[in-house]
Every structure is written in C-alpha cells, then in structure tokens.
1. Return only the number of the condition from (1) of a type outside the set (Lys, Arg); (2) outside any helix (DSSP H, G or I); (3) surrounded by 14 or more Cβ atoms within 10 Å (Cβ to Cβ); (4) at pLDDT 90 or above that Ala144 does not satisfy.
2. In the set Val159, Val141, which member is within 30 Å of Val29 (Cα to Cα) and of a type outside the set (S, T, N, Q)?
3. What pairs come up if the first residue lies in segment 29-44 and is touching a residue at least 40 places away in the same chain (Cβ under 8 Å), the second is open to solvent by 90 Å² or more (accessible area, probe 1.4 Å), and their beta carbons are under 7 Å apart, counting only those six or more places apart or on different chains?
4. Out of segment 117-140, which residues are basic (Lys, Arg) and either at pLDDT 90 or above or in a strand (DSSP E or B) (or both)?
5. How many of the residues making up segment 40-71 are loosely packed, with under 14 Cβ neighbours inside 10 Å and within 20 Å of Glu122 (Cα to Cα)?
6. How many residues are on the phi < 0 side of the Ramachandran plot and at pLDDT 70 or above if we restrict to segment 54-105?
7. Can you confirm whether Gly37 is surrounded by 15 or more Cβ atoms within 10 Å (Cβ to Cβ), of a type in the set (Gly, Ala, Ser), at pLDDT 60 or above and under 23 Å from the mean Cα position of the chain (by Cα)?
8. Regarding Arg108, is this residue surrounded by 14 or more Cβ atoms within 10 Å (Cβ to Cβ) and in contact (Cβ under 8 Å) with a residue 24 or more places away in the chain?
Amino acid sequence: MRAMRGVWRWRHSPLWRRTDRIEAWVALVAALLIALGATSAGWLAGRSAHGALLETVRMQHQQRHLVWVTVDRLVSRAPLDPDPETASQRDAHRRVIAGWTASDGSARIGELAAPRPVEPGERFRIWTDDRGRVMPRPMDVSTAGTHAVLAGLGTAAGVGMMIEGARRLVGWQLMVRRFRRWDQEWERAGQDWGRADHGS
C-alpha cells in the first residue's frame, strides 16, 4: 500500500514520463492477473484433475483385485553384489515363483517380487486384473487429491510465470524506448555542447 501511495503522489511529478505511467499500469494489471487469474486457473486445473483422477481411482478399484499367491520356490540368482545389505541382494532374495488363481478361475504361475522375505509354501497377496495379470496397487483417494493439488499449484505457478514474463518483456521494451529518446536528446544537446556563446 505504501508503494501504491508513493506511485499516486509521483504521478504529478514533472519527471513522470509517459513510459513510467505505462509501466506502472502494466505492473498493476500483472499483479491483479497473478492474484486473480493465476489462482483461478490453478483452481480450475486442480478441480478438473481431481475429477479425472477420482474416475481413475474408481476404474482401477473395479478392474483390480487382491488375490492370494502361494510361493512355490525362490528364484536363485547369481549375486550381483557381495554385500548382503545392498538393495540388489535384498531384492534378489525376494524374487519367487508363485501360483495364484485369477478372478475368472484360471490358475496362474509366474515370477513375482515378494513384499517380504518368504519361504516356499508361504502366502501373500498381490493385485491382479480381470485376466489374472499382476498389476500395481490401485490409486487411492488421498493420492488422487495430492496429485490434483500439485496439478493446480503447477498450473497457477506456470500462469503466474507467463504473466510475469510478459510484464518483464513490456518493461524491457519501455526501457529500450527510453534509451532511444535519451540518445536523441543527447544528440540534439551535443550540437551546441561547449559553445561559448550558447545561451547568450
């Protein structure tokens, strides 16, 4: 507010150029667009993304099913790293050959990553589609909300950056115009510069 009052008093100054007025108005419009336009665009994008993601959540929960798998045997692999604490060694111990029954009643068998170290005969649950193919866990509502918020924030930030970029471009063009006028005025003043009888 103090800056706005300063601009309001400055508008009657004889040093206040036309380009200064244009730049001040452009800055005001840009601030309003960022405050209102960017936030509105972010809200609309987030709302739209949230609706689409909730539909994805609904579809994934309809198409994916939790089934029990029974470990047949562990997958033996040559050690990639002699250190048993590395991720590659831990993952190698969790690869198993297991069998499960798909939702259509057909028997399936395949290589899986167990969620924990297991032994033959143990059971754990996995997500599959209607054909019994292994699928990732379906998205939940909270994850969809988080992604929607991030989409809204990203859109608002992107729109705000575009508006600020446009404001800076206009300010740069106004500065170029000022420099050109200064050069013209210096050229006119330079014609009489240093004359002893100038102004007498």
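The values are calculated or read from the model by the stated rules, or taken from the named source; none is laboratory data. Predicted, not measured: the structure shown is a model, and the values here were computed from it. Positions of Cβ are backbone-derived with ideal geometry, glycine not excepted, and every protein chain shown enters the neighbour counts. Remember, those area values only see protein heavy atoms, side chains included, never the ligands or the DNA or RNA. Shrake-Rupley method; radii C 1.70, N 1.55, O 1.52, S 1.80 Å.
1. Exception for Ala144: condition (2).
2. Only one candidate qualifies: Val159.
3. Matching pairs, first to second residue: Gly42/Leu153.
4. Across segment 117-140, the qualifying residues are Arg123, Arg125, Arg133, Arg137.
5. 2
6. Result for segment 54-105: 34.
7. Spelling it out, Gly37 is indeed surrounded by 15 or more Cβ atoms within 10 Å (Cβ to Cβ), of a type in the set (Gly, Ala, Ser), at pLDDT 60 or above and under 23 Å from the mean Cα position of the chain (by Cα).
8. The answer is yes for Arg108.
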